[in-house]
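Data first, discussion second: the structure below is written as structure tokens.
The values are calculated or read from the model by the stated rules, or taken from the named source; none is laboratory data. Bear in mind that the values here come from a model prediction, so they are computed numbers and not experimental data. Here the Cβ positions follow ideal geometry from the backbone for every residue, glycine too, while neighbour counts run over all protein chains shown.
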Amino acid sequence: MAERGSAPLEGAELLLADLDGVVYRGPRAIAYAVESINAAPCRVGYITNNASRTPESVAGHLNSFGLSVAAPDVVTSAQAGVRLLAGLVPSGATVLVVGGEGLVAEAERAGFAVTASADDAPAGVVQGFSPELGWRQLAEAAFALALDDAGEGIPWVATNMDWSIPVARGVAPGNGTLVSAVHSAVGRMPVVAGKPEVAIFEEAFDRFGTRRALFVGDRLDTDILGARRAGIPSAMVLTGIDRAKQLLAARADMRPDFILEDLRQLQQPYPVTTTKRDGSRIVGRARVRVDGNRVEIVAPGDRGIDLLRAACAAIWDSGLGIHALEVPASLYS
């Protein structure tokens, strides 16, 4: 009988969930997400790197799926970004906002005078994603961020650096690509508030009054890396951007504590990984080992998710980079 461990949510006071790729994709909820979140035995908060919408708008979207969410339950990168900016420019200063309604609303709520023109001599720039952003807005940011003759420039905060964003029709360019366009023009990089930086997690910890949290996300480079930097356990759910192939190749600081097929497994006992004398890793009935530079499936087991968990354990513990290994296509196809 395979050894079963504690469920990922056991002992957590707070479940923090990413949105895109975890709760919904575009206008539709992801299978099993709503009922699983509603059944959570602890408080639930939502963290999103998407700065284009207000918390009220996000809460309304989530409620339309059958969740029970109030605006304070939603922590956005716009909120974290404005909080960072407030520590870099004077209170009540004029700031250039490059982004959507959510970012403008947060800047105004913090007492800043918002402008869209570099001609207004802003004290700082805060940039976030909006599907309506175009060349003119990016150009204004570049004009405002240009260095003076002494090589000095005003503060620049980016809400996040996600290179892509999942939408209903597929995967589209994210805020990182827009920030990169401005970077190419001005030759400098912003301070970043959203995942994987810690600022957005600190905003959540302060708001919910606890650090005993589990974070669930769908991206290794933002969600999982961010949770590790923030010092909390993380669960990777295979319903969004990153899938088996990315997990197998994950570097050490992007490896989740739990790998889930869907959110139902948040409250299911998580199988313990055991090691045999030949170095193979066993999860459930699945068994995988690394022999030299070959990854071998000793036993596929009866659940694909357990095979993936065993393969990740074997590869991660081998100390070898994925580029040096021969990996069966059946593990990631």
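Just to be sure, is ALA150 surrounded by fewer than 24 Cβ atoms within 10 Å (Cβ to Cβ), assigned to a loop (DSSP other than H, G, I, E, B) and more than 19 Å from the chain's Cα centre (by Cα)? Yes; evaluated as a whole, the condition is true for this residue. Just one residue in the set GLY26, GLY5, GLY21 is within 20 Å of PRO166 (Cα to Cα), of a type outside the set (S, T, N, Q) and loosely packed, with under 14 Cβ neighbours inside 10 Å; that residue is GLY26. Quick check: is even one residue across segment 12-22 touching a Leu at 6+ places or on another chain (Cβ under 7 Å), modelled with pLDDT of 95 or more, β-branched (Val, Ile, Thr) and not assigned by TED's automatic domain parsing to the domain that holds ALA107? So far as segment 12-22 goes, no, none of its residues is touching a Leu at 6+ places or on another chain (Cβ under 7 Å), modelled with pLDDT of 95 or more, β-branched (Val, Ile, Thr) and not assigned by TED's automatic domain parsing to the domain that holds ALA107. If the condition is being over 17 Å from THR76 (Cβ atoms), touching a Leu at 6+ places or on another chain (Cβ under 6 Å) and either touching a residue at least 60 places away in the same chain (Cβ under 8 Å) or among the hydrophobic types (A, V, I, L, M, F, W, C) (or both), then segment 214-256 contributes LEU214, PRO233, ALA235, VAL237, ALA244, ALA250, MET254.
Does LEU62 qualify as being in the same structural domain as LEU263 (by TED's automatic domain parsing) and buried (at least 16 other Cβ atoms within 10 Å of the Cβ)?
no
Within the set THR115, THR159, the sole residue that is closer than 21 Å to ASP206 by Cα, at pLDDT 95 or above and among the polar types (S, T, N, Q) turns out to be THR159. When the criteria are applied in full, THR48 meets the requirement of being at pLDDT below 95, closer than 24 Å to GLN127 by Cβ, surrounded by 23 or more Cβ atoms within 10 Å (Cβ to Cβ) and β-branched (Val, Ile, Thr). Looking across segment 259-288, the residues that are of a type in the set (Gly, Ala, Ser) and under 13 Å from ILE305 (Cβ atoms) come down to GLY284, ALA286.
Which of the residues that make up segment 243-259 are buried (at least 22 other Cβ atoms within 10 Å of the Cβ) and either farther than 20 Å from ARG211 by Cβ or among the β-branched types (Val, Ile, Thr) (or both)? Matches in segment 243-259: LEU247, MET254, ILE259.
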